[in-house]
Amino acid sequence: MRRFAVVLLLIIACLSAGTQKDSTRRKVVHGFDGGMMLHTGYMMGNIAPIGYQAKGFTFGIGGVIRIHLGDHWMLGSEGYMSSMAQLKNGSYIKWGWGGILGEFYWAFKKVMPYVGVTVGGGSMTTFLMFDGDSGDWQYEANAIFNKQTFWAVTPFIGCDFIVGKALHLTLKMDCLNSIGKSGLLRPLGPRLYFGFIFYH
């Protein structure tokens, strides 16, 4: 995420410098924005290698930074952490992912609907304890720990609610498609985001 932010800031600087050299030329960059979002979702699916049916709510946090290109396009980067921790015996599944996003939006008086996709990567960590008690200090023999990386393709749709020139509230829904060595990883499901976006 940090590398993506540095790259975007360099792009903004270069494009802004280019547009300032010729004031008669139409600006390519119309500004930039960034903010933080909280999310929740419901995931379900069979973890094929062990035949375990995982399902439950996920909660997490993350952020986004974007530059505005023309009147309807945004290019940027986003990254999130999400966890499903309501599984039996202290078991959990965690995701961390990020990538480059492209977005098309329509600006009206007080709302700004948008649609886009993020392409990148991340990792999924799974800890499943089938017996025992997560509150004691005993060794547990019947448990599985796995961590794997994946490619991420995440389509999304949402809407900004324009509070002021510099502040938008955003509501977004996406579906993280995490593609590992064995194919599409599960559990899988939609996530709903709510956040604050600051415009400049």
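The values are calculated or read from the model by the stated rules, or taken from the named source; none is laboratory data. Every value quoted in this text rests on a predicted model; they were computed, and no experiment measured them. Glycine gets a Cβ as well: all are built from the backbone with ideal geometry, and neighbour counts include every protein chain shown. Only protein heavy atoms, including side chains, enter the accessible area calculation; ligands, DNA and RNA are left aside. Shrake-Rupley method; radii C 1.70, N 1.55, O 1.52, S 1.80 Å.
Can you find, within segment 146-165, the residue that is nearest to Val115 (Cα to Cα) among those that are in contact (Cβ under 8 Å) with a residue 40 or more places away in the chain and open to solvent by 70 Å² or more (accessible area, probe 1.4 Å)?
Taking the candidates together, the pick is Ile157.
Could you give every pair whose Cβ atoms fall below 8 Å, whose first residue belongs to segment 180-200 and is under 17 Å from Val153 (Cα atoms), and whose second residue is in a loop (DSSP other than H, G, I, E, B), counting only separations of at least 6 or pairs across chains?
Here the result reads Ser182/Ala48; Ser182/Pro49; Arg186/Ala48; Leu188/Leu176; Arg191/Leu176, each pair linking segment 180-200 to a residue that is in a loop (DSSP other than H, G, I, E, B).
Assuming Ser83 fulfils every condition listed in (1) under 15 Å from the mean Cα position of the chain (by Cα); (2) over 28 Å from Lys55 (Cβ atoms); (3) surrounded by fewer than 19 Cβ atoms within 10 Å (Cβ to Cβ) apart from one, which condition is it?
It fails just one condition, (2).
Kindly list the number of the only condition in (1) farther than 16 Å from Thr170 by Cβ; (2) open to solvent by 20 Å² or more (accessible area, probe 1.4 Å); (3) in contact with an Asp or Glu (Cβ under 8 Å, 6 or more places away or on another chain) that fails for Val115.
Every condition holds for Val115 apart from (1).
Across segment 135-145, which residue is nearest to the chain's Cα centre (by Cα) among those that are surrounded by 13 or more Cβ atoms within 10 Å (Cβ to Cβ) and not β-branched (Val, Ile, Thr)?
Going through the qualifying residues, I end up with Ala143.
Give segment 30-55 a look and list any residue that's of a type in the set (Gly, Ala, Ser) and either free of Cβ contacts under 8 Å to residues at least 60 places away in the same chain or closer than 29 Å to His200 by Cβ (or both), or say none.
Within segment 30-55, Gly31, Gly34, Gly35, Gly51 qualify.
Determine whether Ser77 is of a type in the set (Ser, Thr, Tyr), in contact with a Lys or Arg (Cβ under 9 Å, 6 or more places away or on another chain), closer than 19 Å to Arg186 by Cβ and modelled with pLDDT of 95 or more.
It is false that Ser77 is of a type in the set (Ser, Thr, Tyr), in contact with a Lys or Arg (Cβ under 9 Å, 6 or more places away or on another chain), closer than 19 Å to Arg186 by Cβ and modelled with pLDDT of 95 or more.
Quick one: Tyr80 ticks every box in (1) in contact with a Gly (Cβ under 9 Å, 6 or more places away or on another chain); (2) over 21 Å from Gly116 (Cβ atoms); (3) of a type in the set (Phe, Trp, Tyr) except a single one, so which number is it?
Here Tyr80 clears every test but (2).
Considering segment 166-184 alone, what residues qualify as being open to solvent by 70 Å² or more (accessible area, probe 1.4 Å) and of a type outside the set (A, V, I, L, M, F, W, C)?
Within segment 166-184, Lys181, Ser182 meet the criteria.
Say we look at segment 168-183 and pick out the residues that are modelled with pLDDT under 95 and assigned to a strand (DSSP E or B); which of these is farthest from the chain's Cα centre (by Cα)?
That would be Gly183.
Looking at segment 69-167, what strands (runs of 3 or more DSSP E) fall wholly within it and have at least 3 residues that are farther than 18 Å from Met37 by Cα?
The strands (runs of 3 or more DSSP E) meeting that bar are 92-105, 111-129, 143-164.
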